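A short worksheet on the structure shown next.
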Amino acid sequence: MDILIRGGRVIDPGHCDGVADLFIRDGKIAGLTHGGGDTPPADCRVVDATGMVVTPGLIDLHVHFREPGHEYKETIATGCRAAAAGGFTAVCTMPNTHPVNDCAQVTEFILAQARVAQSARVYPVAAVSPGLKGEGLTEFGELKKCGAVAVSDDGRPVASSLLMRRALEYARGFGLPVISHCEDPDLSEGGAMNEGEMATRLGLSGIPNAAESVMAMRDLELSALTGGAVHIAHVSTAETVRAIRRAKARGVRVTAETAPHYFTLTDEAVQDYDTNTKMYPPLRTRGDRDAIREGLADGTLDAIASDHAPHSSIEKRVEFDQAANGIIGLETSLPLALQMVHDGVISMARLVELMATGPARVLGMQYGLQTGMAADVTIIAPDRAFTIDVDRFVSLSRNCPFNGWEAKGRALMTIVGGRVVHELDRG
């Protein structure tokens, strides 16, 4: 069915920002008109988007779907539906499944399951090293041919500098970015939260900022050496933000993301030993949070990604230092990011860059709302107030520190290839 989205504020950074009608035909963007009033074609669904924001479909660069291997936490189908409910038309799945996505067969399985789900698009990220063991490289060319969009050992760092150099060189030949999980395992070993006053008060072992930043600096230098594209995942420290800013100024091929919990929470959230505040990298200080926000506003950071990491109560209802790292985020990322818009930290157009067109650029994709492009569209109700309720989430898991929070703004409709895959009740 053709769709006419009427009267919304259409934002496609660099191309359009204003009230317009967006017409979708045969799964593609068919036109954008200003002024309205046109008679819609027969058999066309008309969506009243007055007061709404219409954007290219949101893309999450960093999610962990647990299929294959741990389907009780999340399947590809439930993860895709959670993504659509959060306004995401596409997600990049990290390779730390069981078995690891380090070969064509696993990549093809993930894509086959995504086709069955018929919801958000899935772009698999394949492993840098077989089994994420940091010993040798996977077959980057074969993995790209099968559908991988990047390589990463996320969940574990590539500890060997030589292997990381070779990965950047090898990936450059195939046009693949290397997504870096920046962690010095010698500095982070045994840590449960951010190293500092709060960790001392709580009696928990700490992880210093340097566990992230020294590896980020290493990978920035290796990118400069090789000319390979490096993407720094889940940035959490002020030192890493500064290093990325300096690297960009001297022309290093670096992009970077952060997650909503790093610009929303600090290590003070851990004070009640809530294991839903345990993640890697850990929540940092207010100074780090402010640096993350500044990096999002000034262009140092290119994307907001959820780092959606589902875990069941089995992994979370234990002692804090024994709990699994990670929280879910697909269904809270947009409202948490919109809070920065409401607070005047970033503009609405900048949010669209960070959650739609910026992630697409990281992947080397031509993306937007220009005529002829795939009709991946998100309609956002920016002022719709609601209470975050994990029991209403589509995700199979509930490990979320924002349960009960009052939020404002959410996805009203998610359209993938001209097909509505999520629609919020306007009542």
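The values are calculated or read from the model by the stated rules, or taken from the named source; none is laboratory data. This is a predicted model, so every value here is computed, not measured. Here the Cβ positions follow ideal geometry from the backbone for every residue, glycine too, while neighbour counts run over all protein chains shown.
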**Residues of the stretch 284-328 satisfying the condition of being of a type outside the set (S, T, N, Q), under 17 Å from the mean Cα position of the chain (by Cα) and assigned to a loop (DSSP other than H, G, I, E, B)** = Gly299, Leu301, Asp302, Ala305, Asp307, Ala309, Pro310, Gly326, Ile327, Ile328
**Message:** Report every pair of residues separated by at least 6 positions or lying on different chains whose Cβ atoms are under 6 Å apart, first residue within the stretch 303-321 and over 16 Å from His64 (Cβ atoms), second surrounded by fewer than 18 Cβ atoms within 10 Å (Cβ to Cβ).
**Reply:** Phe320/Tyr273
**Residue within the stretch 187-195 that is small (Gly, Ala, Ser), touching a Lys or Arg at 6+ places or on another chain (Cβ under 9 Å) and without any contact (Cβ under 8 Å) to a residue 40 or more places away in the chain present** = no
**Message:** Going residue by residue through the stretch 122-137, is there one that turns out to be under 19 Å from the mean Cα position of the chain (by Cα), at pLDDT below 95, assigned by TED's automatic domain parsing to the domain that holds Gly358 and not hydrophobic (A, V, I, L, M, F, W, C)?
**Reply:** no
**Asked** Taking the stretch 372-393 as the region of interest, how many residues are in contact with a strand residue (DSSP E or B) (Cβ under 8 Å, 6 or more places away or on another chain), assigned to a loop (DSSP other than H, G, I, E, B) and either among the charged types (D, E, K, R) or surrounded by 14 or more Cβ atoms within 10 Å (Cβ to Cβ) (or both)?
**Response** 4
**Prompt:** Applying the selection to the stretch 406-427, what residues are farther than 19 Å from Ala120 by Cβ and surrounded by fewer than 17 Cβ atoms within 10 Å (Cβ to Cβ)?
**Reply:** Glu406, Lys408, Asp425, Arg426, Gly427
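Restricting to the stretch 415-427, and then to whatever is part of a loop (DSSP other than H, G, I, E, B) and in contact (Cβ under 8 Å) with a residue 24 or more places away in the chain, can you tell me which residue is farthest from Lys73 (Cα to Cα)?
Gly418
In the set Val54, Val19, Val63, Val47, which member is farther than 13 Å from Thr371 by Cβ, free of Cβ contacts under 8 Å to residues at least 40 places away in the same chain, in contact with a strand residue (DSSP E or B) (Cβ under 7 Å, 6 or more places away or on another chain) and surrounded by 15 or more Cβ atoms within 10 Å (Cβ to Cβ)?
Val19
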**Fill in**
Counting only residues in the stretch 176-207 that are of a type in the set (S, T, N, Q) and surrounded by fewer than 16 Cβ atoms within 10 Å (Cβ to Cβ), the one nearest to the chain's Cα centre (by Cα) is identified as Ser205
**Message:** All but one of (1) under 24 Å from the mean Cα position of the chain (by Cα); (2) modelled with pLDDT of 95 or more; (3) more than 30 Å from Gly134 (Cα to Cα); (4) not in a strand (DSSP E or B) hold for Asn96; state the number of the condition that does not hold.
**Reply:** (3)
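Looking at Leu369, Leu396, Leu412, can you tell me which residue is at pLDDT 95 or above, part of a loop (DSSP other than H, G, I, E, B) and within 21 Å of Met348 (Cβ to Cβ)? Steps first, please.
Values: Leu396 fails: within 21 Å of Met348 (Cβ to Cβ); Leu412 fails: part of a loop (DSSP other than H, G, I, E, B).
That would be Leu369, the only listed residue that is at pLDDT 95 or above, part of a loop (DSSP other than H, G, I, E, B) and within 21 Å of Met348 (Cβ to Cβ).
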